[in-house]
Amino acid sequence: MQIISDYNKDTRTHKPVPGSYEWWYFDAIDHNGYSIVVIFYEGNPFSKKYIQALSNGVNHSAEFFPAISISVYKDGMPLFYSFVETDSTFAEFSSEKIFGRVGENIFTGKKTGDMISYTLELNQTLTNGERISGELLFTTSSGSGFSDPSFNQDSESTHTWNLILPKCKVSGDLKIDSLQPESISFNGVGYHDHNFGSEPMKESFDEWYWGRYHFDTFTLIYYVMNVKGEWDNRAWLIDQDGSVLVLDSVELEEHGLTLFGLQSARRLIFKGDWFEAVLQKDQLIDSGPFYQRFQGNVLATLNGNLMKAEGISEYIKPDRIYSKLFWPLVDMRIKYPGNAHWVQKSSKLYRWTW
């Protein structure tokens with residue numbers, strides 16, 4: 001994996017190879033128990049339609065499969081979920097400036113001096129009538145562009161991870177019209193990164209764990225990747241001034257098995273100079289046949305001081321996306337252009353797919 005941290009490279013990447021993909025990821029946790037994850041895709045790697053196009057060799061480039069997923073939780077329980085793939089005429093991503101749009105959902109980035117800000121404008125209505133609307137502002141004064149040598153590896157890699165904002169302030173207002181209506185005045189901390197793959201995801205790695213956990217003055221960020229049977233484990237403590245402490249080791253423990261047969265670690269151990277931490281993935285907030293999202297806590301000691309942080313982490317096993325056994329479940333979750341799946345027409349049944 002190539003790891004960079006460059007705001008100026010948060011624009012659209014040219015993706016001529018069929019199976020390529022790109023996503024812009026945002027998450028935030030509010031002081032009142034709310035959390036949100038928003039992902040804009042050009043070349044939705046979870047799309048059955050994209051996989052079928054690759055097999056048929058027709059309209060099989062990333063630009064034909066834009067999508068957006070929006071997940072809102074309260075105290076680890078889902079309030080709103082949307083995963084919509086649109087026709088390419090209803091989406092656009094800029095190669096010149098930081099801008100992306102899928103349907104009526106938009107992200108824009110702006111840099112003034114050391115100040116970086118991103119605006120998320122959300123306006124998504126589901127087939128079942130549920131709707132989310134509002135705007136979130138992600139801001140930081142510490143800038144981007146870390147100089148640590150561990151952030152620049154394997155420039156020939158097929159996957160690039162651009163860590164733009166390891167920690168930032170997030171504020172704004174959201175309105176959710178659903179079975180549980182909510183008006184949220186959001187005030188918390190957030191994170192943003194940008195991923196690009198130049199081939200189908202399953203060709204680049206077998207398994208991937210990643211996450212971020214915010215302490216008062218720094219953030220723990222990690223990834224653990226299985227590439228053709230060899231594990232690449234990396235973790236960093238990034239201070240609010242941009243300094244980076246590279247952690248020596250990451251260990252996986254307490255593997256659990258889901259109803260879908262997906263097995264992943266629920267506990268991670270981190271060690272570095274004057275630092276030790278235990279990450280316990282307490283709540284499984286999104287579970288599928290090839291993907292999991294957790295909300296959890298980290299207990300850590302740094303220079304003998306005990307600290308605690310809350311955050312979000314994920315796990316994916318991408319080869320399972322290609323298993324036709326799971327496609328009926330995927331069809332329930334992703335709204336493709338055209339007619340909606342009958343499960344998506346019911347608020348109660350669509351929630352069952354979480």
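The values are calculated or read from the model by the stated rules, or taken from the named source; none is laboratory data. Predicted, not measured: the structure shown is a model, and the values here were computed from it. Cβ coordinates were reconstructed from backbone atoms using ideal geometry, including for glycine residues, and neighbour counts include every protein chain displayed. Just the protein is used for accessible areas: all its heavy atoms, side chains included, with ligands, DNA and RNA removed. Shrake-Rupley method; radii C 1.70, N 1.55, O 1.52, S 1.80 Å.
Quick notes
- Residue in segment 331-340 that is surrounded by the fewest Cβ atoms within 10 Å (Cβ to Cβ), counting only those that are hydrophobic (A, V, I, L, M, F, W, C) and within 25 Å of Asp27 (Cβ to Cβ): Met332
- Within segment 62-136, strands (runs of 3 or more DSSP E) holding 1 or more residues that are acidic (Asp, Glu): 77-85, 91-93, 115-125
- Test for Glu199: is it surrounded by fewer than 20 Cβ atoms within 10 Å (Cβ to Cβ) and touching a Lys or Arg at 6+ places or on another chain (Cβ under 9 Å): no
- Applying the criterion of being open to solvent by 70 Å² or more (accessible area, probe 1.4 Å) and assigned to a strand (DSSP E or B) to the residues of segment 252-265, the residue that is modelled with the lowest pLDDT is Leu257.
- Taking each residue of segment 83-102 that is in contact (Cβ under 8 Å) with a residue 40 or more places away in the chain and looking for partners that are of a type in the set (Gly, Ala, Ser) and outside any strand (DSSP E or B) with beta-carbon atoms closer than 8 Å, six or more apart or interchain, yields Val84/Gly103; Glu85/Ser47; Thr86/Gly103; Ala91/Gly103; Gly100/Ser94.
- Against the criterion of being surrounded by 13 or more Cβ atoms within 10 Å (Cβ to Cβ) and out of contact with any Asp or Glu (no Cβ under 9 Å at 6 or more places or on another chain), Phe270 does not qualify.
- Of the strands (runs of 3 or more DSSP E) lying entirely inside segment 1-61, those containing at least 3 residues that are of a type in the set (Ser, Thr, Tyr) are 34-42.
- Any hit, segment 51-73, residues being among the aromatic types (Phe, Trp, Tyr), open to solvent by 10 Å² or more (accessible area, probe 1.4 Å) and in contact with a helix residue (DSSP H, G or I) (Cβ under 6 Å, 6 or more places away or on another chain): yes
- Entirely in segment 178-233, the strands (runs of 3 or more DSSP E) that have 3 or more residues that are over 24 Å from Leu247 (Cβ atoms): 182-197
- Counted residues, segment 284-330 - those being out of contact with any Leu (no Cβ under 9 Å at 6 or more places or on another chain), open to solvent by 50 Å² or more (accessible area, probe 1.4 Å), assigned to a strand (DSSP E or B) and of a type outside the set (S, T, N, Q): 2
- Qualifying residue in segment 141-157 (condition: at pLDDT 90 or above, over 30 Å from Lys348 (Cα atoms) and surrounded by 19 or more Cβ atoms within 10 Å (Cβ to Cβ)): no
- Just one residue in the set Leu262, Leu257, Leu302, Leu245 is within 13 Å of Ile221 (Cβ to Cβ) and in contact with a strand residue (DSSP E or B) (Cβ under 8 Å, 6 or more places away or on another chain); that residue is Leu245.
- Here Leu279, Leu262 are screened, and the one residue that is closer than 30 Å to Val17 by Cβ and of a type outside the set (Phe, Trp, Tyr) is Leu262.
- In summary, Lys111 fulfils each of the numbered conditions (1) at pLDDT 90 or above; (2) open to solvent by 70 Å² or more (accessible area, probe 1.4 Å); (3) out of contact with any helix residue (DSSP H, G or I) (no Cβ under 8 Å at 6 or more places or on another chain); (4) farther than 30 Å from Asn233 by Cα with the single exception of condition (3).
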